[in-house]
Each structure stands twice: as C-alpha cells, then as structure tokens.
Amino acid sequence: MSDIYRDNIYRNPDQPTTEFVFDRQVARVFSDMIHRSVPGYSTVINMIGVLAGEYVQSGSVCYDLGCSLGASSLALAQGITAKECRIVAVDNSPEMLEQAGRQTSQLALSTPIEWLCADVLDVQIGNASMVVLNFTLQFIPPHARLQLLTNIRKGLRPQGLLVLSEKITFQDPGQDRLQIEMHHAFKRANGYNDLEISRKRSALEKVLIPETLETHRTRLAEAGFGRTDLWFQCFNFVSLVARP
Ligand code: GEK
C-alpha cells in the first residue's frame, strides 16, 4: 500500500483531536483504516457476496446503506446470480461517494450499482430482497435506529434478508474490558500505536455509539423481524442476519 493511502490521521500528537467525520481525508485512507481497525472485515465483506448468491431474488433491489467506498456493494454485485436486479448504494458523505464512483467506474458489473448521496433515514426502501447495514447503524442516533429498521423491514420482500454488522458493548464490565483490550491488541498488531488508538477512541466517542447484542436483537424484533441469527463475531464486532 502506498503511503498516501495509509491511515496516519491520528499519528501526529501535536494535532488536536477533533470529532470524527467522514470527510475527504478519511475517504482517501478509508480502505486501509477499516481493514486495520475492524477485525474480520474482509470475511464479512466476502460473506455478503456469498449471501447475495443465495438470497437475492430476481427482479429485486439490494440496498447498501452507509456504503462508504462501496465494498459491500461490490460484493453484492459480484455475488448476485439472480437476473434483473439493481443495487442502491447510499451514503451521506459526498467525499466517500466521489471516491467510490471513481474506483468502480471502469468495472463491468452484471448488476448495476446506483450511487445515492442521502441520509439513510430518508431513503424509501422497496421491493428489496437484501439490505446491508455494514457497520453503519452504530453511527445513526440511537433514537432513530428503530425507525430505520422498521422502514427496512417494511421494504423487504417476505423471504428477504437484512445483514447488520456492528461494533458492540457487553453488559458485564469485565467482558467489555477484555473485548476492548483484544480489539486494541488487533489494532496494535496492524501497526497503530497506543496514542493513535486512544486519540481515535476519543474522536469517535460521541459519533459511534455501540450497543449490546441484546439491544440489537430486541430492536430487530420490535421492527418486525421474525428471526435474527448471529453468524459472525470477532472480539467486539458482530454480524447478524435478520429475516421478516
Ligand atoms: C463498508 N458499509 O465498507 N446516512 C448515510 N450514510 C451515513 C449516515 C447517514 N445518516 N451516517 C453515517 N453514514 C461500509 C462501511 S462506515 C463504517 C461503513 C465505519 C456513513 C458514513 O459516511 C460512512 O461512510 C459509513 O456510514 C460508515 O462495508 O467507518 O466504521
């Protein structure tokens, strides 16, 4: 990886730590940042492709909500075998979408991706067979999360699938501490130093609000999802599949 795409945003101790935003600086290094920060990220992306092959239905729409650079959208596009589908990839960061569009414009995809700059809370979901919220719900204000999941549930076809990946917390303080420690060990093993880890944590404090697995399960049920299954966990990062 060339140095200009390496995430060094929190490396300089002389710079003030400001609240985390998905701006141009983050968009430029985002792929490196998420691979080195989220344990299991590549596995989750690859499995979204596998699930797309299994669950996406002909003539339906797939939504990638909070698409960033479009890694999940690309996995969907490459995994879908059903005919006449389209993918709607949504993000409210114009810088992310600009970069995503640049990186994917030359690819010949059998399922087209439509890039939409919008708040996921304003998107009308309809005729969907698969919706992906890959590490996005954690950035939505908690009071709006039920409304978003209800909107997704209403727009899903009866056999549809929601993939929800999140950073989580644990009710038991000892377990929470241990999982955070293991996550930080993962980040150190990937070249982040303790200062960077601590500055990033402060920057995200009011922006990324994790919840317990139980809170997610309860809210999904409240939104009308009949079953929810945990299919992936690595430390304090999980991915769930939920079905109407
Ligand atoms: C991936 N899913 O690579 N409306 C639209 N987009 C939003 C909103 C909102 N209200 N809030 C945050 N975002 C991706 C990774 S990153 C996860 C998702 C992370 C967007 C935000 O701009 C960012 O691009 C994305 O959600 C979260 O599979 O950085 O840990």
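Applying the condition of being under 16 Å from the mean Cα position of the chain (by Cα) and β-branched (Val, Ile, Thr) to the range 138-192 and asking which residue is surrounded by the most Cβ atoms within 10 Å (Cβ to Cβ) yields 152. Here the condition is being outside any strand (DSSP E or B), within 30 Å of residue 212 (Cα to Cα), hydrophobic (A, V, I, L, M, F, W, C) and in contact with an Asp or Glu (Cβ under 8 Å, 6 or more places away or on another chain); of 44, 29, it holds for 29 alone.
Residue check: is residue 101 away from the ligand (no atom under 12 Å from the Cβ) and touching a Phe, Trp or Tyr at 6+ places or on another chain (Cβ under 6 Å)? Can you show your working first?
Numbers: away from the ligand (no atom under 12 Å from the Cβ): yes; touching a Phe, Trp or Tyr at 6+ places or on another chain (Cβ under 6 Å): yes.
The answer is yes for residue 101.
Of the residues making up the range 47-54, none is buried (at least 19 other Cβ atoms within 10 Å of the Cβ), within 12 Å of the ligand (Cβ to nearest atom) and at positive phi. The single condition among (1) at pLDDT 95 or above; (2) touching a helix residue (DSSP H, G or I) at 6+ places or on another chain (Cβ under 9 Å) that residue 226 does not meet is (2).
Taking the criterion of being in contact (Cβ under 8 Å) with a residue 12 or more places away in the chain and exposed (fewer than 13 other Cβ atoms within 10 Å of the Cβ), the only residue of the range 84-102 that qualifies is 84. Could you run through the range 185-242 and say how many residues are of a type in the set (Phe, Trp, Tyr) and more than 30 Å from residue 3 (Cβ to Cβ)? The number of residues fulfilling the criteria is 3.
The values are calculated or read from the model by the stated rules, or taken from the named source; none is laboratory data. Everything numeric here is computed off the predicted structure, so don't read it as measured data. We place every Cβ from the backbone using ideal geometry, glycine too, and count neighbours over all the protein chains shown.
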